[in-house]
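What follows is a short report on a single structure.
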Ligand code: AG3
């Protein structure tokens, strides 16, 4: 039996059965493989690390989009860094109140191949009139764009290879300079149990830049290891603490249909386990604790 062994965490690897390899090549930037697995359906891996699967993608994409969207309530312009599979773009475009969704992906091959092999990730989002697609390194884009955004979603790979620059102080600084005062930035920050250092780094950089910093969580089975952390940064200290009743009101009015996200999950996702709070830098960690104010 053919197997895919993921190389991400030291001392622990997940192995997936491969029923069929659908595509494999070295793109301009990374090694890309798409294969079929009995549990997750089609799976895409970059440089040996699973990026997305047909069956569980909805959890990650819905949480990375709808939590900041409904916490804020008036997002107009969205910037997506990475996200070449189109899943984030698809969820952003479910919000009919937005003006524009700009996606910046370094690897054109990821967009092309995902449209072919994962058509339900983008569901036509790449040709939506509000979508603006740029093939460029996200770091260079955020340094040079004259535009400002209400929401920046960093749908990156792990900080290895091309994704490494998306976890630096410089990148976070440049993002802050193109974020509107009331805006929110969210990031994929790895699986907390295995990748705490990564979460700590982002947290430290964010606390140097923003008034309100935290994480929220969701477990995505193919990102093995329990809760994945999503980084949160904003100068508006209220967004992270938006009340459940307001989130519910916004969600029901928006008529966004979801498979994972609910207002109740949104509200509870900000609560952090004690071991995570303890691991965050002591001088800054009080802001990670989420007090919901009514
Ligand atoms: N990008 C995030 C993959 C992270 C994998 N890391 C891990 N398993 N700890 C996903 C792209 C989906 N649009």
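FYI, it's all coordinate maths here, none of it is from the lab. Worth saying up front: this structure is predicted, and the values here are computed from it rather than measured. Counting neighbours? That spans all protein chains shown, and the Cβs are built from the backbone with ideal geometry, glycine included.
What 222 nm value per residue comes from the helices of the chain, counting each DSSP H run with n ≥ 4 as -39,500 (n - 2.57) and dividing by all residues, nearest 500 deg cm²/dmol?
Mean residue ellipticity, 222 nm, calculated: -8500 deg cm²/dmol.
Could I have the simple spin-label model distance between residue 29 and residue 271, label points 7 Å from Cα toward Cβ, reported in nm to one decimal?
Modelled inter-label distance: 3.8 nm.
Fully extended, how many nm does the chain gain between residue 2 and residue 120 (0.36 nm per residue separation, minus their Cα-Cα distance)?
Stretched out fully, the residue 2 to residue 120 stretch lengthens by 39.9 nm.
To the nearest 0.05, how large is the calculated FRET efficiency for residue 254 and residue 181 if R₀ is 22 Å and r is the Cβ-Cβ distance?
With a Förster radius of 22 Å, E is 0.40.
Sort 156, 165, 25, 234 so that the residue with the fewest other Cβ atoms within 10 Å of its own Cβ comes first and the one with the most comes last.
Ranked by crowding around the Cβ, least crowded first: 25, 165, 156, 234.
Please give the length that would be gained between residue 197 and residue 10 if that part of the chain were fully extended, namely 0.36 nm times their separation in residues minus their C-alpha to C-alpha distance (nm, one decimal).
This chain segment gains 66.0 nm when fully extended.
Sort the range 2-53 into rounded, prolate or oblate with this rule: let a ≥ b ≥ c be the square roots of the eigenvalues of the Cα gyration tensor; rounded if a/c is under 1.5, and if a/c is not under 1.5, prolate when a/b is larger than b/c, oblate otherwise.
oblate
Got the relative contact order for the range 57-288 handy, in percent, Cα pairs under 8 Å and 6 or more residues apart?
Once divided by the residue count of the range 57-288, the mean separation gives 21 percent.
DSSP beta bridges in the chain, what fraction antiparallel, as a percent rounded to 5?
Expressed as a percentage, antiparallel bridges in the chain total about 65.
Residues of the range 2-46 with the amide nitrogen closer than 19 Å to a label point 7 Å from the Cα of residue 112, along Cα-to-Cβ, please.
So the set is 22-35, 44-46.
Whole angstrom only: what separates the Cα centroid of the range 143-187 from the Cα centroid of the range 238-254?
Taking the Cα centre of the range 238-254 as reference, the centre of the range 143-187 is 25 Å away.
Distance from a point 7 Å along Cα→Cβ of residue 243 to each backbone N in the range 51-74: keep the residues under 17 Å and list them by number.
71-73
Sorted from fewest to most neighbouring beta carbons within 10 Å, what does the list 70, 205 look like?
Going from sparsest to densest Cβ surroundings: 205, 70.
Can you give the Kirkwood hydrodynamic radius of the chain from its Cα pairs, in Å with one decimal?
Kirkwood hydrodynamic radius for the chain: 19.2 Å.
Compute the length gained on full extension between residue 143 and residue 278: take 0.36 nm times their separation in residues and subtract their Cα-Cα distance, giving the result in nm to one decimal.
Separation in residues times 0.36 nm, less the Cα-Cα distance, equals 45.2 nm.
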